[in-house]
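As structure tokens, the structure follows; a few thoughts come after it.
The values are calculated or read from the model by the stated rules, or taken from the named source; none is laboratory data. What you see is a predicted model, and the numbers here were worked out from it, not measured in a lab. Backbone-built Cβ (ideal geometry, glycine too); neighbour counts: all protein chains shown. Just the protein is used for accessible areas: all its heavy atoms, side chains included, with ligands, DNA and RNA removed. Shrake-Rupley method; radii C 1.70, N 1.55, O 1.52, S 1.80 Å.
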There are 2 protein chains.
Amino acid sequence: MSDLLERLRGRGWRMTAQRRVVAEVLDGDHVHLTADEVHARAVTKLPEISRATVYNTLGELVTLGEVLEVSTDRRAKRYDPNAHRPHQHLVCAQCGAIRDVHPAGDPLADLPADERFGFVVSAVEVTYRGVCPNCAGA
Amino acid sequence: MSDLLERLRGRGWRMTAQRRVVAEVLDGDHVHLTADEVHARAVTKLPEISRATVYNTLGELVTLGEVLEVSTDRRAKRYDPNAHRPHQHLVCAQCGAIRDVHPAGDPLADLPADERFGFVVSAVEVTYRGVCPNCAGA
DNA sequence: ATCCTACGATGGACTTTGTCTAAGTCAAGT
DNA sequence: ACTTGACTTAGACAAAGTCCATCGTAGGAT
């Protein structure tokens with residue numbers, strides 16, 4: 001993750017304790033935290049960090065393309081640091097667990113020209129829904 | 001849409017002026033209104049209808065499978081009366097316009113078994129994003 | 001090493017979207 | 001027409017997020 005910090009500094013990002021902490025919290029695989037969860041974890045490392053700063057920083061990371069915003073449920077947006085390998089999400093309908101998955105094929109190609117209504121289509125989001133092994137066992 | 005009202009009455013739905021108005025507002029193709037928009041239109045036909053009733057009625061229609069809930073942006077949920085023909089959505093990134101589309105292929109089949117992590121996968125949501133002809137022209 | 005200053009952080013008010021509740025109203029069966 | 005339980009209402013409440021005026025500080029300039 002220090003590569004991330006290096007890259008950001010290279011782009012003229014001003015480095016602050018708050019931004020460093022937010023970046024640290026987002027480190028790892030299969031991380032899909034809400035803004036409030038990011039804030040809660042950041043507070044343990046830097047007690048005076050404010051919610052507004054967490055929101056601002058997450059927004060900047062999204063703009064810079066370093067973090068993806070995903071909304072798998074209709075509650076809070078979640079932030080996914082796995083922005084450099086295209087992937088989709090698999091969500092448990094019961095507990096809300098999220099896994100990154102990599103389907104075969106290109107879903108963009110599945111939309112025929114006569115179903116595009118003149119739109120320039122540039123992206124597609126796919127969310128698979130089901131029940132995870134934990135919840136199915138219970 | 002009066003078929004809808006008939007069907008609901010057949011299922012033991014108590015018919016009220018409020019429910020009738022909500023069902024009327026949702027009539028049509030390519031209708032994707034937010035709850036507040038439904039309320040705003042309902043008020044023009046029945047001034048004393050309350051927001052809570054609109055939310056309740058929309059929720060019931062969703063439970064009954066007569067209306068779909070879609071969240072194409074991260075703001076309000078939208079309600080789609082086109083619940084009987086499976087379809088996906090194409091969204092303009094600029095103006096938010098939404099079209100129903102019918103892609104070829106089955107996106108569920110694109111998720112190989114070894115990417116399912118033991119989940120029982122039962123549904124998939126696909127949202128295409130792009131720029132509509134109106135916004136592209138501007 | 002110290003100073004400057006523009007960029008970043010803060011917290012609290014505010015907005016949007018949605019849920020809940022207690023009390024009143026009414027559709028539909030008898 | 002009466003009764004009853006389902007439906008509706010207004011408003012309080014909650015969660016998620018944005019905005020703004022003010023304060024603080026990172027990092028270049030001296």
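For the range A:88-137, a/c is not less than 1.5, where a ≥ b ≥ c are the root eigenvalues of the C-alpha gyration tensor, and a/b tops b/c. That puts it in the prolate class.
With every protein chain left in place, what is the accessible area per residue of chain A in square angstrom, probe 1.4 Å? Spell out each step's value before the answer.
Numbers: 7360 Å² over 138 residues.
Using a 1.4 Å probe on heavy atoms only, each residue of chain A averages 53 Å².
Convex hull volume of the C-alpha atoms in the protein assembly as shown, normalised per residue: 186 Å³.
Under a Gaussian network description of chain B, with springs only between Cα atoms under 10 Å, the residue in B:Ser122, B:Ser50, B:Ser71 that fluctuates furthest is B:Ser122. A crude spin-label estimate for the pair B:His84 and A:Ala76, with each label 7 Å from Cα along the Cβ direction, gives 4.1 nm.
Taking 7 Å steps out from each Cα toward its Cβ at B:Cys135 and B:Ala93 produces label points 0.8 nm apart.
The Cα center of the range B:100-138 and the Cα center of the range A:26-53 differ in position by 30 Å. Can you classify chain A as rounded, prolate or oblate using the Cα gyration tensor, where a ≥ b ≥ c are the square roots of its eigenvalues, rounded means a/c under 1.5, and otherwise it's prolate if a/b beats b/c and oblate if not? Here chain A falls in the oblate category.
Normalised by the residues of the range B:88-137, what does the relative contact order come to in percent, with Cα pairs under 8 Å and at least six apart?
Once divided by the residue count of the range B:88-137, the mean separation gives 54 percent.
Here the label points at B:Ala123 and B:Leu64, each 7 Å from Cα along the C-beta direction, are separated by 1.8 nm in the simple model. Which of rounded, prolate or oblate describes the range B:2-80 when judged by the alpha-carbon gyration tensor and an a/c cut-off of 1.5? The shape class here is oblate. Which of A:Arg51, A:Arg116, A:Arg11 moves the most in a Gaussian network model of chain A with Cα springs under 10 Å? Its mean-square fluctuation being the largest, the pick is A:Arg116. For chain B, what does the helix formula give at 222 nm: sum of -39500 (n - 2.57) over DSSP H segments with n ≥ 4, over the residue count, nearest 500 deg cm²/dmol? -10000 deg cm²/dmol, from helical runs alone.
I need the calculated FRET efficiency for the pair A:Val43 and B:Leu108, taking r as the beta carbon distance and R₀ as 45 Å, to the nearest 0.05. Provide the component values of the computation, followed by the final result.
Numbers: r = 41 Å, r/R0 = 0.90.
Once rounded, the FRET efficiency stands at 0.65.
Shown for chain A: the carbon plus sulfur share of the solvent-accessible area, taken with all protein chains present and a 1.4 angstrom probe, equals 49%. Straight-line cross-link partners of B:Lys45 among the lysines, defined as a Cα under 25 Å from its Cα and at least 8 positions apart when in the same chain: B:Lys77.
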